[in-house]
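Worksheet: one structure, shown below.
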Amino acid sequence: MIEKAMRYRLTNKSTVGFLLTLLFCSSFISFAVAFGGIKYVHQRSACRSDRKNCQLLSPKKLLMSKDSDSEGKNKSQTNGDNFFRKFELFDNVVDEKQLSQKEKARLRRLEVEEGEMRRQKQVRKDAVLYFALFGLQFLPIINELFPFVGLFYFLGMACITVYVAARQETIDTSELINEKNALFAPIGASISLLTIYTFLKFGIDPTNAYTIIVTVFGALSVSDIGVPILRNLCPTEFYETRVPIPSKLANVLEIEPFLPLDGLITLFIGVISSIYYWLPTAMTQKFIISNIIAWSIAMVSLGSISFGSFQTAAILLSGLFLYDVYFVYFSDAMMTVATKVEAPIKFIYPNLSSNVQDYPFSVLGLGDVVVPGLFVRFMNQVDKALKPEKVSYLNVASVAYFVALSVCFYVNKVTNSGQPALFFLDPTLIGSALVASNVNGQFQDVWIYREEKESTNKVKR
């Protein structure tokens, strides 16, 4: 949702509370991200060393070396042999299991490295767009000189993010959404929104708990998205470097005693970004950090989920269309939650309007980037599968997103009130895709297109 916001003031009481929660939150974030992040970074390590297997000396040989003349002792030895044969069989099963785990680890290692190379190559292809995203962060410098610079910031951040995310490579296959999930997603979103809204109405502020979860995930997202970017900025020797860690820590985390340097650096940047976000300073002094975390979450989300089929996309976008319209035009729930719950789940930009009272930012909700972005990314998959001859579905969807979002901002400016962005975006995206499919003579193919789970795109007839 896009909404006008009102001027923000940080009271002395809230500052004290913020300082107290900062002590707990910083410790929690550092521990959670360090523990989960180290395993996450290790997963992307390009090589792993073989551990030395610890073997126990079986006492079977000692029993067999002893001679006994008595029948009872011979019987005991035979029973002992049978007993230790069972342990021999068990040892063989364990060895096979260890070998299987090592083989799986080796295959996973190769898969991760191949995926990282693809991600690095794609970032290099889109280098100009990534530099554009970086340049947008300097627009606040000229904010007071050009009153409409905030509009360019939002359009640039949203449109470039959607296009880059649609083209990005991922290591793992995206999770496919089925029709049932798409049908119930708006209901789940409504329940979540109303739950937070109810808490706020009864004086219970869930901001801190909610922000802890978001910033932890944000730190990991910055780490993940930062790896291919850092690899393109540094020489090969840099990202092939491995950093040793204590063997005891490696045993606790069940990983090898070293980690990739590039992953550790990006994880460190992610943790520092999250901690900086928690500093008790005015949001006007750290909104860029908030936007960077939100951008990283959007990129990871867009690479982790896929609509799977055009019909699923149509169902989900239609449901969220109704959800956005109702909670913006017929309820104050969306406006209340968006302005009262401060977390890096939205793009914000300083608002210089004279009629602003309580919140100093204009807001573009992350859902208005991720939901349409999933559709744009899906149309890129359609491009690869159907190979249209006349117009690209990805380009058509990207232009449709830009036009619809521009219209939404225009209406927002004219009416001076919050607008449900999905009201403009969803019909434009679906309609433009159907028009493009008709131009390409692939209307039926697009309508019944279904992405396979094994990353093979086929058209089911």
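The values are calculated or read from the model by the stated rules, or taken from the named source; none is laboratory data. None of the values given here were measured: they were computed from a predicted structure. Positions of Cβ are generated from backbone atoms using ideal geometry, with glycine treated the same way; all protein chains shown enter the neighbour counts. Note: areas computed on protein heavy atoms with side chains; ligands, DNA, RNA excluded. Shrake-Rupley method; radii C 1.70, N 1.55, O 1.52, S 1.80 Å.
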>> Just the residues that are farther than 19 Å from Ser331 by Cβ and open to solvent by 90 Å² or more (accessible area, probe 1.4 Å), please, taken from region 183-203.
In response: Leu183, Phe184
> Are any residues in region 407-436 of a type in the set (S, T, N, Q) and at pLDDT 95 or above, and if so, which ones?
Replying inline: Thr428, Ser432
>> List pairs: first residue in region 175-187 and free of Cβ contacts under 8 Å to residues at least 60 places away in the same chain and farther than 13 Å from Arg450 by Cα, second residue in a helix (DSSP H, G or I) and acidic (Asp, Glu) anywhere in the structure, Cβ distance under 8 angstrom, at least six positions apart or on different chains.
In response: none
> What are the residues in region 366-420 that are touching a strand residue (DSSP E or B) at 6+ places or on another chain (Cβ under 8 Å) and among the aliphatic types (A, V, I, L, M), if any?
Replying inline: Leu366, Val369, Leu374, Val382, Ala385, Leu386, Val411
> Regarding Ala338, is this residue in contact with a Leu (Cβ under 9 Å, 6 or more places away or on another chain) and among the small types (Gly, Ala, Ser)?
Replying inline: no
>> Against the definition (surrounded by 15 or more Cβ atoms within 10 Å (Cβ to Cβ), at pLDDT below 95 and among the hydroxyl-bearing types (Ser, Thr, Tyr)), how does Tyr393 come out, yes or no?
In response: no
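Please go through region 112-147 and pick out each residue that is in a loop (DSSP other than H, G, I, E, B), open to solvent by 60 Å² or more (accessible area, probe 1.4 Å) and modelled with pLDDT under 90.
Applying the first criterion (in a loop (DSSP other than H, G, I, E, B)) to region 112-147 yields 126, 137-138, 143-147.
If we keep only those that are open to solvent by 60 Å² or more (accessible area, probe 1.4 Å) as well, we get 138, 144-147.
Selection gives Glu144, Leu145, Phe146, Pro147.
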>> Pull out all pairs, ordered by first then second residue, where Cβ-Cβ is under 7 Å, the residues are six or more apart or on different chains, the first lies in region 306-325 and is more than 25 Å from Asp172 (Cα to Cα), and the second is surrounded by fewer than 22 Cβ atoms within 10 Å (Cβ to Cβ) and of a type in the set (Phe, Trp, Tyr).
In response: Phe321/Phe423; Asp324/Phe423; Val325/Phe423
> In region 171-182, what residues are open to solvent by 30 Å² or more (accessible area, probe 1.4 Å) and farther than 24 Å from Ala400 by Cβ?
Replying inline: Asp172, Thr173, Glu175, Asn178, Lys180, Asn181
> Got a sec? Which helices (runs of 4 or more DSSP H) wholly within region 344-442 have at least 1 residues that are among the basic types (Lys, Arg)?
Replying inline: 367-386, 393-415
> In this structure, does Trp278 turn out to be touching a Cys at 6+ places or on another chain (Cβ under 8 Å) and closer than 27 Å to Thr339 by Cβ?
Replying inline: yes
> So Val369 fits all but one of (1) closer than 14 Å to Leu422 by Cβ; (2) among the β-branched types (Val, Ile, Thr); (3) open to solvent by 10 Å² or more (accessible area, probe 1.4 Å); what number is the exception?
Replying inline: (3)
>> Contact list please: Cβ distance under 8 Å, first residue in region 358-382 and within 19 Å of Ser174 (Cα to Cα), second residue among the aromatic types (Phe, Trp, Tyr) and open to solvent by 20 Å² or more (accessible area, probe 1.4 Å), pairs at least six apart or on different chains.
In response: Val376/Tyr163
>> The conditions are (1) modelled with pLDDT under 90; (2) crowded, with 18+ Cβ neighbours inside 10 Å, and Ala294 fails exactly one of them. Which is it?
In response: (1)
> Filtering region 270-288 down to residues that are closer than 14 Å to Val216 by Cα and in contact with a helix residue (DSSP H, G or I) (Cβ under 6 Å, 6 or more places away or on another chain), which residue is most open to solvent (accessible area, probe 1.4 Å)?
Replying inline: Tyr276
> Is it the case that region 235-245 has a residue that's among the β-branched types (Val, Ile, Thr), surrounded by fewer than 15 Cβ atoms within 10 Å (Cβ to Cβ) and within 17 Å of Ala294 (Cα to Cα)?
Replying inline: no
> Which residue pairs have Cβ atoms under 7 Å apart, sit 6 or more places apart or on different chains, and have a first residue in region 112-129 that is closer than 12 Å to Val227 by Cβ and of a type in the set (Lys, Arg) and a second that is in a helix (DSSP H, G or I) and modelled with pLDDT of 90 or more?
Replying inline: Arg119/Pro228
> Would you say Gly203 is at positive phi and either without any contact (Cβ under 8 Å) to a residue 12 or more places away in the chain or assigned to a loop (DSSP other than H, G, I, E, B) (or both)?
Replying inline: yes
> Taking the stated definitions as given, is Leu386 at pLDDT 90 or above and crowded, with 22+ Cβ neighbours inside 10 Å?
Replying inline: no
